[in-house]
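Enquirer: Supplied in C-alpha cells, the structure appears directly below.
The values are calculated or read from the model by the stated rules, or taken from the named source; none is laboratory data. None of these values were measured; they are calculated from a predicted model. Glycine also receives a Cβ, built like all others from the backbone with ideal geometry; neighbour counts cover every protein chain displayed. For accessibility, only protein heavy atoms count, side chains too; no ligands or nucleic acids. Shrake-Rupley method; radii C 1.70, N 1.55, O 1.52, S 1.80 Å.
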Amino acid sequence: MWEFRLSSVEDLKELNSRLGLDIDAADDVSILREPVEAGGLFIPNSLAVHPMEGCDGDSEGRPGKLTLRRYERFAAGGAGLIWAEATAVVPEGRANPRQLWLNERSKEGLAAMAERMRRVAAESMGPGHRPVVVMQLTHSGRYSKPEGTSQPIIAQRDPYRDPLAPEAVPNPKRKSRIPESQRLVTDEYLDGLVDNYVEAARTAFDAGFDAVDVKSCHGYLINELFACHQRQGKYGGSFENRVRFLLDVVDRIHGELGADKAVVTRLGIYDAIPYPYGWGVDREDYRKADLSEPIKLIGLLRQRGVKLINVTVANPYYNPHVGRPFNEAIAGGYEEPEHPLAGVARLIKLTGEVQRAFEDVAIVGTGYSWLRSLLANVGAANKSNGLVSLVGAGRMAFAYPDFAKDILTKGRMFARKVCISCSGCTQIMRDGGTAGCVVRDNEVYGPIFERGRMGDRENLARLASACRKCQEPTCQLACPAGVDIPKFIGLFLDGQERAAYEVLRASNIFPEICAWLCPVEQQCEGGCLQGFIGDGPVPIAEIQMYLSVQANKQGYSKLRIPANGTGKRIAVIGAGPAGLACAAGLLEAGHCVTIFDKSREFGGMIESVIPAERQSESLKNEIAAIFRDVPGDRMSLRLGSALNGRFNLDTIMAEGFDAGFVGMGLSESVSLGDGGGDIEGVWEALEFLSAARRPGKVDVAGKCVAVIGGGNTAMDAAVTAKELGARDVYLIYRRSFKEMPAFNAERDRAMAMGVHFLILTQPIGYECAKGRLRAVKVCPTRLREADSSGRRRPEAIKSSAYSLDMEVVVEAIGQEVSGQIASILPGVEFRDGLIQTQAGRLATSRAGVFAGGDLVNGASTVVSAVSDGMRAAKEIDEFLKQ
C-alpha cells in the first residue's frame, strides 16, 4: 500500500521529482475564486462538486433524508458548481433500488431539494451566491440492479467487464457473471430510450435544475456504446454510429425543450481497456490513451451548444485505480498497482489535452481528492496553466463538504477534514448501503459501514468460525423461536446456504425481519457461550440476515403451496407478524386464507410505527418474497377492514370460515390523563410515530420535546424527534435504568443521539395556555419494593414537584387493547385485558378461534409473535382434521 506523506507544496515537488512526474502546484490559490461562464451558465467560482451517488432515495426515486442532508452540506460548502448524482431515466436502468429516478412522482421532492440547496447556499455564502446545479441523467446498462440483484442491459459482450470483479491487469479469460444467453439491448429499445431521456430532462428543468447532464462515462450504457466497434446495427461499428445515441439525445432535448436549455455531459474519454472493447485507447497498447475520437465527439457536442464538460476516465467497477487513485482497496479488490500520484498526473494530463483543444468549453477536472489538502494548490496551478476551467471534488466532497468555502475564504484546506482515499465510501456502496464518508462523517456512516461489512459472506464466515458447537447450546435456549442455531451456523460455514436457511425457516418463517428487530444482545447472542469465555458472541443475527436476504433474492423463501388444496377456509384477523406467520403456515398446509386488517398494508405496527431505520426494507422485501406466487384462490385480502361492534368476529365467521385466528396487536396508547389528548402539542406515541413516517406531518424542528415512558416505543419516539430536528429531547421515566424495559440497544441508540434521560421522574400533569401545551409537571420518585411486574415500584414525591417548559410531549407510557375489544371479539374470554387461551395451547374460549401475539402475551418481541403464528397454524391444521 502506498503511503501518503505530503504536507506541503515542497513535499509534492520532491515526490514529483522522485517519480519523474510533472504536477505543478501554486501557493496562491486565489484564482479559484474566479467565476466561470459556460454557455448561458454563470458559475460563481471555479470549484465543483462531482456527482457522488448516495444510494439513499426511496422506491419511487425521491430523495430521502440522507439525500437532502448531503446536498444541503454541498450547497453550504460554497462550490460554484454542484453536479447532482446519477438519476435514472427509466426504472430498469437504476443501479440500485434506492437510486434517484426522474418521474412525475419524484419531481416534487427533487424540486424541493433544488430549492433548499439554493436557500442554504445563500445563507452560507451570502445572498449573491447562486451555484449552478446540474441534474445527471443516467441509464446504468450492464450495472443495472433495480431490485437489488443484477439485471444487466448490455450493448455488447465484453470479456473484460462481463466478469465484473475489478482487476489491475486485464484478463479476457475470466468467467463471466453475465450468462451466455443474455441478449444485447436492441436498436428499438435504444430508439425509445431517447424519448425517456427527453422526458427526464423535461422533469429536471421543471424541478428547477439549471442544466441536465447526459451521463456518458464509467462503463454505463452510453459510455459502453462508444466502444461497440463490433456491434451490428445503427448504434455500432463506425464512429458515427457509436456516438449516435448521445448526439440524438442532445438534439432531441434542444429540439423539444428549447435551444436555450443547458445540456452538459460527464464524459469518459479513456476506458483503459484493450481495443476493441475500450474507448479512447491506443489500439496496440490499452495503457496509452488515444483521444482522437473523444476529441472528435467533443467537437460535435460543442457545435450543439454543449459548453460544459466534466471529464473522467476508466470504470470504477473494473479498473478503479485509473480514475480514482486510492490508498486502500475495497474488500476483494486489488492493491493500487502504481503510485497514486501517477494516476493523478495522468488525469491532469488528459484533461489538459481536452481543455487546450477547446478553450471556449468549460472543462471540469477530476482526480484531485487523493491530494488531500494540496487539492487547492494543484487545482490553482492547473487553472493558471490552462489545463482546466473548474476543479472538481468527488470523494473529497463526501468527507469535506465545505472544502470550497475554506479555499475561498481562508485560502487553504485543512488536513483534519480531508478525504484519506480509504475506499470506505465505495465499500458501503458495494455492500448495498447508503454511501458517505465513514471517517469524517462517522456518526452517520460508521454504523452503515459496519452493517454492510456484516453482510459480506467472507467476513461473516471468519467471525462464525468461533462457534463452539455446544452440546447444550445456550444461544438456542435464549431464542424464543427455538431455532437450532449451531446447526444453521455449521451449514453456513460448510457453504450449504440453502440448507442453513431451511433450518431457520423451520422455526421462524420471517427470519430477516426478526434479525433486524429482535433484541439479539439479550436473546441468542446474549446467550452465546463465546460471549462469556471468548472474544465476543458469534454474529448470529447477521448470519441469519445474510441467509434470509439470499433466500429472498434467489426465490427459495417463497411458500411451498401444495397443488391440491383442502378446501378449508380460515379467517386471519391482523396482518402483523403473528397473523402473517399463521397465514403462511396454513397456506403451506393446503388451506385457503382470508386476511383482514384495518391497514391497507401488511406488517401491522412494524409497517406503520417502527421507524424505517430500524428495519431497512426488510419487512417489505421479505413479505413480498415469501408470499410471491400465492394463487388467488388460496389467499384473499380484506385490507382496510377495521373491526367494530357491527363488523366483528361474528360477522366474519358467519361468512362460512372453518376456523379463525386473531393476531391483532395492542392498538391503543395509554395516556397520562390530565386532558392530554385535548391539548395541542401532546401526542400519543403510536400516532406520533405513524405521522412521522409521512413527510411534513410532524413539526418538532427547533423545539423542546419530552417523551414519557421507558420502553422501545419511547426510544423510537425520542430518536425520531431528534432526527426531525428537535432542539432538545427529554425522556422522562419514573423508574431507574435497571428497571427500564427498552432493549439495551435501543436505549443506547437514544443516548448516542443526544436524548436527555430524566430517570426517577414522574410526570403528573400538564400546564397549558389557550389549549396549547406550555409545560409538563413532574416530580422525583423513590423506588420501593417490587410490584407485579417484578420491578421496583416508584413512589412519587409530589411535595418536590416542578414544571419543565416544553413545546411537544409524546406519551409512550404503554399500549393496551381497544376499548371496543369485547364487541369486536364476541365469545372470546379476556383476563387482565388479554385474550385467555387454553393451557399450553392457542385455542380461545370460542370454538374454532385461535389467537397469538401481543393480544395474548402483552407487548413482546417480533419473534415471539411469529412463533405464536406458526404454532397456531399447526394447531388449526390439527383442529380441521378432527
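Enquirer: Residue 502 passes all but one of (1) in contact (Cβ under 8 Å) with a residue 24 or more places away in the chain; (2) open to solvent by 30 Å² or more (accessible area, probe 1.4 Å); which number fails?
Expert: If we test residue 502 against (1) in contact (Cβ under 8 Å) with a residue 24 or more places away in the chain; (2) open to solvent by 30 Å² or more (accessible area, probe 1.4 Å), just (1) comes out false.
Enquirer: Consider residue 193 against the criteria (1) touching a His at 6+ places or on another chain (Cβ under 9 Å); (2) open to solvent by 10 Å² or more (accessible area, probe 1.4 Å); (3) of a type in the set (A, V, I, L, M, F, W, C): it satisfies all of them except one. Which criterion is unmet?
Expert: Condition not satisfied by residue 193: (2).
Enquirer: Of all residues in region 831-859, which are open to solvent by 60 Å² or more (accessible area, probe 1.4 Å), part of a loop (DSSP other than H, G, I, E, B) and within 19 Å of residue 669 (Cα to Cα)?
Expert: 832, 859
Enquirer: Going residue by residue through region 388-404, is there one that turns out to be polar (S, T, N, Q), touching an Asp or Glu at 6+ places or on another chain (Cβ under 7 Å) and part of a loop (DSSP other than H, G, I, E, B)?
Expert: No, region 388-404 contains no residue that is polar (S, T, N, Q), touching an Asp or Glu at 6+ places or on another chain (Cβ under 7 Å) and part of a loop (DSSP other than H, G, I, E, B).
Enquirer: Something else now. Let me confirm something: among 671, 690, which residue is within 20 Å of residue 854 (Cα to Cα), out of contact with any Phe, Trp or Tyr (no Cβ under 9 Å at 6 or more places or on another chain), assigned to a loop (DSSP other than H, G, I, E, B) and at pLDDT below 90?
Expert: Numbers: 690 fails: assigned to a loop (DSSP other than H, G, I, E, B).
Exactly one of 671, 690 is within 20 Å of residue 854 (Cα to Cα), out of contact with any Phe, Trp or Tyr (no Cβ under 9 Å at 6 or more places or on another chain), assigned to a loop (DSSP other than H, G, I, E, B) and at pLDDT below 90, namely 671.
Enquirer: Something else: Considering each residue of region 743-756, count those that are in contact with a Pro (Cβ under 9 Å, 6 or more places away or on another chain) and either part of a loop (DSSP other than H, G, I, E, B) or buried (at least 24 other Cβ atoms within 10 Å of the Cβ) (or both), and give that number.
Expert: Final tally of qualifying residues: 1.
Enquirer: Look through region 180-190, keep the residues that are of a type outside the set (A, V, I, L, M, F, W, C) and either over 13 Å from residue 244 (Cα atoms) or not in a helix (DSSP H, G or I) (or both), and return whichever of them is most open to solvent (accessible area, probe 1.4 Å).
Expert: Among those that are of a type outside the set (A, V, I, L, M, F, W, C) and either over 13 Å from residue 244 (Cα atoms) or not in a helix (DSSP H, G or I) (or both), it is 183.
Enquirer: When you go through (1) farther than 19 Å from residue 801 by Cβ; (2) surrounded by 22 or more Cβ atoms within 10 Å (Cβ to Cβ); (3) of a type outside the set (Gly, Ala, Ser) one by one for residue 730, which number turns out not to apply?
Expert: (1)
Enquirer: Also, I was wondering about something else. Is there a residue in region 712-727 that is surrounded by fewer than 16 Cβ atoms within 10 Å (Cβ to Cβ) and more than 23 Å from the chain's Cα centre (by Cα)?
Expert: Yes, the conditions are met somewhere in region 712-727.
Enquirer: From the list 354, 378, pick out the single residue that is at pLDDT 95 or above, surrounded by fewer than 23 Cβ atoms within 10 Å (Cβ to Cβ), among the aliphatic types (A, V, I, L, M) and in a helix (DSSP H, G or I). Give the derivation first.
Expert: On the way: 378 fails: surrounded by fewer than 23 Cβ atoms within 10 Å (Cβ to Cβ).
It is 354.
Enquirer: Go through region 772-830 and report how many residues are in a loop (DSSP other than H, G, I, E, B), closer than 30 Å to residue 643 by Cα and open to solvent by 50 Å² or more (accessible area, probe 1.4 Å). Give the steps one after another, and end with the answer.
Expert: Within region 772-830, the first condition is being in a loop (DSSP other than H, G, I, E, B), and the residues that meet it are 787-791, 797, 801, 806-807, 812-814, 817-820, 825-829.
This time we only want the ones that are closer than 30 Å to residue 643 by Cα, so: 812-814, 817-820, 825-829.
Next, from what is left, pick out any that are open to solvent by 50 Å² or more (accessible area, probe 1.4 Å): 813, 819-820, 827, 829.
Adding up the residues that qualify gives 5.
Enquirer: Further question: Out of all the residues in region 34-81, which are small (Gly, Ala, Ser), touching a helix residue (DSSP H, G or I) at 6+ places or on another chain (Cβ under 8 Å) and part of a loop (DSSP other than H, G, I, E, B)?
Expert: 46, 54, 61, 77, 78, 79, 80
Enquirer: Looking at region 312-329, which of its residues are assigned to a loop (DSSP other than H, G, I, E, B) and either free of Cβ contacts under 8 Å to residues at least 12 places away in the same chain or at negative phi (or both)?
Expert: 313, 315, 316, 317, 318, 319, 324, 325, 326, 327, 328, 329
Enquirer: From (1) of a type in the set (A, V, I, L, M, F, W, C); (2) open to solvent by 50 Å² or more (accessible area, probe 1.4 Å); (3) in a helix (DSSP H, G or I), pick out the condition that doesn't hold for residue 764.
Expert: Every condition holds for residue 764 apart from (3).
Enquirer: Test of understanding: among 49, 90, which residue is modelled with pLDDT of 95 or more and either farther than 22 Å from residue 389 by Cβ or open to solvent by 10 Å² or more (accessible area, probe 1.4 Å) (or both)?
Expert: Selected residue: 90, the only one of 49, 90 that is modelled with pLDDT of 95 or more and either farther than 22 Å from residue 389 by Cβ or open to solvent by 10 Å² or more (accessible area, probe 1.4 Å) (or both).
Enquirer: Continuing with the same structure: Restricting attention to helices (runs of 4 or more DSSP H) lying wholly within region 442-561, give those where 3 or more residues are within 29 Å of the chain's Cα centre (by Cα).
Expert: Details: elements: 442-453, 457-464, 474-477, 485-493, 497-507, 511-517, 524-527, 529-533, 540-554.
Correct list: 442-453, 457-464, 485-493, 497-507, 511-517, 524-527, 540-554.
Enquirer: Okay, moving on. Working only within region 306-341, note down all residues that are open to solvent by 20 Å² or more (accessible area, probe 1.4 Å) and out of contact with any Gly (no Cβ under 9 Å at 6 or more places or on another chain).
Expert: 329, 331, 332, 333, 334, 335, 337, 338, 339, listed by residue number.
Enquirer: Would you check which residues across region 860-879 are in contact (Cβ under 8 Å) with a residue 12 or more places away in the chain, of a type in the set (D, E, K, R) and more than 24 Å from residue 667 (Cα to Cα) and list them?
Expert: 874, 875, 877
Enquirer: Give the residue, chosen from 23, 31, that is open to solvent by less than 40 Å² (accessible area, probe 1.4 Å), under 19 Å from residue 348 (Cβ atoms), modelled with pLDDT of 95 or more and assigned to a helix (DSSP H, G or I). Please lay out each step first, then the result.
Expert: Details: 23 fails: assigned to a helix (DSSP H, G or I).
Residue meeting the stated conditions: 31.
Enquirer: On to the next question. What number goes with the only condition from (1) under 30 Å from residue 376 (Cβ atoms); (2) part of a loop (DSSP other than H, G, I, E, B); (3) touching a residue at least 60 places away in the same chain (Cβ under 8 Å) that residue 87 does not pass?
Expert: (2)
Enquirer: Within region 215-229, identify whether any single residue is at pLDDT 95 or above, open to solvent by 50 Å² or more (accessible area, probe 1.4 Å) and touching a strand residue (DSSP E or B) at 6+ places or on another chain (Cβ under 9 Å), and answer yes or no.
Expert: No, every residue in region 215-229 fails to be at pLDDT 95 or above, open to solvent by 50 Å² or more (accessible area, probe 1.4 Å) and touching a strand residue (DSSP E or B) at 6+ places or on another chain (Cβ under 9 Å).
Each row is one residue, and each column tells you yes or no for (1) out of contact with any Lys or Arg (no Cβ under 8 Å at 6 or more places or on another chain); (2) free of Cβ contacts under 8 Å to residues at least 60 places away in the same chain.
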site: 254; (1), (2): no, yes
site: 257; (1), (2): no, yes
site: 271; (1), (2): yes, yes
site: 277; (1), (2): no, no
site: 284; (1), (2): yes, yes
site: 296; (1), (2): yes, yes
site: 303; (1), (2): yes, yes
site: 310; (1), (2): no, no
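Enquirer: Take the conditions out of contact with any Leu (no Cβ under 8 Å at 6 or more places or on another chain), free of Cβ contacts under 8 Å to residues at least 24 places away in the same chain and of a type outside the set (Gly, Ala, Ser) and apply them to residue 410. Does it pass?
Expert: The answer is yes for residue 410.
Enquirer: Hey, can you tell me all the residues within region 415-441 that are in contact (Cβ under 8 Å) with a residue 24 or more places away in the chain and open to solvent by 50 Å² or more (accessible area, probe 1.4 Å)? It would help to see each step written out before you state the result.
Expert: Pass one, region 415-441, residues in contact (Cβ under 8 Å) with a residue 24 or more places away in the chain: 415, 418-437, 439-441.
Answer for region 415-441, where residues must be in contact (Cβ under 8 Å) with a residue 24 or more places away in the chain and open to solvent by 50 Å² or more (accessible area, probe 1.4 Å): 415, 420, 429, 430, 439, 440.
Enquirer: Can you tell me how many residues in region 583-599 are within 19 Å of residue 624 (Cβ to Cβ) and either open to solvent by 10 Å² or more (accessible area, probe 1.4 Å) or within 31 Å of the chain's Cα centre (by Cα) (or both)?
Expert: So the count comes out to 7.
Enquirer: Filter region 52-67 down to the residues that are open to solvent by 30 Å² or more (accessible area, probe 1.4 Å) and either among the basic types (Lys, Arg) or within 19 Å of residue 393 (Cα to Cα) (or both) and list them by number.
Expert: Hits for region 52-67 are 62, 65.
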